[in-house]
Amino acid sequence: MRVSVLGYGEAGRRLAADLLAAGAEVRAFDIRRVDLAAGIAGAPTIASAVEGADLILSLTTAAGAVDVAQAAGPHLGPDVVYADMNASSPERKQEVGAALGAGLYVDVAILAPVQRAGIRTPVMACGPGAERFAELLGPFGASVDLVDGDPGVATARKLLRSIFMKSLATGVLEALTAGRAAGCEDWVHGQIVAELGSGGPALVDRLISGTYRHARRRRHEMEDARDYGRRLGTPHEMTLASIAWLSAIERGERHATG
C-alpha cells in the first residue's frame, strides 16, 4: 500500500514509521524543513506527495487543513482515500471535504495520543471513505470505530469526549497546585491516583505532561468544544474553565507541579 503523510510532526512521524515497518510504501510532506526517518520518501510539494497514493493521512494543523485539501484535490483519483486526522471543529471537517472535491473523504477523530500506540491508536471515522479507510488500515493493526453520518460527526463525538478528558486534566492540575500551596501535594496526588484505579499513576502523569506539552493545541480543541456546546444549547462551564487553565499555561502563568 502507498501512503502519503501530509504533516510530519509528532503524530505523522509515528504513524509513518509504523506503516513503513509493517510493509507500506510511505511518502511524506511537511511545510517545514524536517529530517525524515530512513525509508520515508520526501516530497517537495503536496501534489508530488499524493501522486499515486492509495491512502493520504492529513496531519497538518486544523488551520491549514482546508488549504492542504485544496492543493491535494486536483491530483486525486476517485478511489484514493483522503483522511483528515486533524483536531478541529465539525464545520472545519465539512469545509475540508468541500475543498477536496475528489477521492474518498473521511473524517477521522483520534481518540488518544498517537505517540502511545502509533497505528494502533483508537480512532473514529465517518464519511464516504470511512469503510475503505478501515479496510486499508485494518491489516496494519489499526483500531477504527465506524460511525454513521456525514463528515464532522466523528469529530463532534470526539469533542464530547474532550470535555471530560481535558476537564479531568485541568481538574487534576488545579488540585495539585492547591495541594502544593497547602504543603500536601504528594498526599493530594496519592488521593487522585487511588481513585483512578490501577492505571491511576500513569494516567495522572500523562494528563500533566500532555497538558503542558500541548496546551495550545488543546486550548483550540476546547474552544471548538465550547462552540459545539453553545450550538447544542447545553451547559459548558467546565469547558470554559479548561480553556482558562490552558490559556494561562500558554502565557506561562501556570507551571508544572512536582
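Just so it is clear, none of the values below were taken in a lab; they were calculated from the coordinates. Every value quoted in this text rests on a predicted model; they were computed, and no experiment measured them. Neighbour counts run over all protein chains shown; Cβ positions are idealised from the backbone, glycine included.
When DSSP beta bridges are restricted to pairs lying wholly in the chain, around 15% turn out antiparallel. Membrane-span-like helices in the chain, defined purely by DSSP H runs whose alpha carbon atoms cover 18 Å or more axially and whose average Kyte-Doolittle hydropathy reaches -0.5, are 153-182, 200-213, 237-250.
Its residue count N fixes a reference of 2.2 N^0.38 Å for region 2-148, and the Cα radius of gyration divided by that reference is 0.92. Highest mean packing comes first when the peptides 97-107, 216-226, 184-194 are listed by Cβ atoms within 10 Å, giving 97-107, 216-226, 184-194. An ellipsoid equivalent to the chain, defined through the eigenvalues of its Cα gyration tensor, has semi-axes of 34, 20, 17 Å when rounded to whole angstrom and sorted largest first.
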